[in-house]
Amino acid sequence: MLSKAEAIIYLANQRGCSEAEWFRSYYTFNFGEFRRESRTPFVSLVAFNEHTLKEGRTLSFVHTESVNVLLIPIVGELNYRAGNTECTVDVGQVSYTVLPAGTPLELSNKYTSNSIHFLHVCLSANNIIRDNYS
């Protein structure tokens, strides 16, 4: 018999939000300055963020624990730097990287006249079960 887990529905209008003239970020779980008792990580899923970033700008993060990061562009091309690695990911692509605790992550918009929109998803590296396929 399959086990059942309690479902939690996170409504979009109840997410945390950080906003300035050059960016807007929505947080489903506790992240940065956004803190709510009910918004703790969901097993391995520790961040599910939605960012909009104006042209020529960079968002910088340092995760306090080792994380597996998925970056998913929705509109525009996303440039990022994670430690010594630089990469560009475009709409229709997904970037996956593993960041040790304390590694800086810079997410940049290199366009000169357009905003970009993307998802920033983090899974705790401590709770991931890896399957080994031969």
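Here the range 97-115 is the region considered, the condition is being under 16 Å from Asn68 (Cβ atoms) and not in a strand (DSSP E or B), and the residue that is least open to solvent (accessible area, probe 1.4 Å) is Thr103.
The condition (being out of contact with any Asp or Glu (no Cβ under 6 Å at 6 or more places or on another chain), touching a residue at least 24 places away in the same chain (Cβ under 8 Å), within 24 Å of Glu33 (Cβ to Cβ) and of a type in the set (Val, Ile, Thr)) is satisfied by just one residue among Val75, Val67: Val67. Would you call Val43 open to solvent by 60 Å² or more (accessible area, probe 1.4 Å), at positive phi and more than 13 Å from the chain's Cα centre (by Cα)? Judged against the criteria, Val43 is a match. Here Phe29 clears all of (1) modelled with pLDDT under 90; (2) more than 18 Å from Ala101 (Cα to Cα); (3) not in a loop (DSSP other than H, G, I, E, B) except the condition numbered (3).
Going residue by residue through the range 15-24, is there one that turns out to be open to solvent by less than 50 Å² (accessible area, probe 1.4 Å), part of a loop (DSSP other than H, G, I, E, B) and at pLDDT below 90?
No, the range 15-24 contains no residue that is open to solvent by less than 50 Å² (accessible area, probe 1.4 Å), part of a loop (DSSP other than H, G, I, E, B) and at pLDDT below 90.
Based on this model, can you work out whether Thr58 counts as modelled with pLDDT of 95 or more, within 21 Å of Pro100 (Cα to Cα) and open to solvent by 50 Å² or more (accessible area, probe 1.4 Å)? Against the criterion (modelled with pLDDT of 95 or more, within 21 Å of Pro100 (Cα to Cα) and open to solvent by 50 Å² or more (accessible area, probe 1.4 Å)), Thr58 qualifies. I'm trying to understand the selection: among the residues of the range 52-96, which are within 26 Å of Glu21 (Cα to Cα), in a loop (DSSP other than H, G, I, E, B) and of a type in the set (Gly, Ala, Ser)? Scanning the range 52-96 gives Gly56, Gly76.
The values are calculated or read from the model by the stated rules, or taken from the named source; none is laboratory data. These figures come from a predicted structure and were not determined experimentally. All Cβ positions, glycine included, derive from the backbone under ideal geometry; neighbour counts span all protein chains shown. Note: accessible area is taken over every heavy atom of the protein model, side chains too, but ligands, DNA and RNA are not part of it. Shrake-Rupley method; radii C 1.70, N 1.55, O 1.52, S 1.80 Å.
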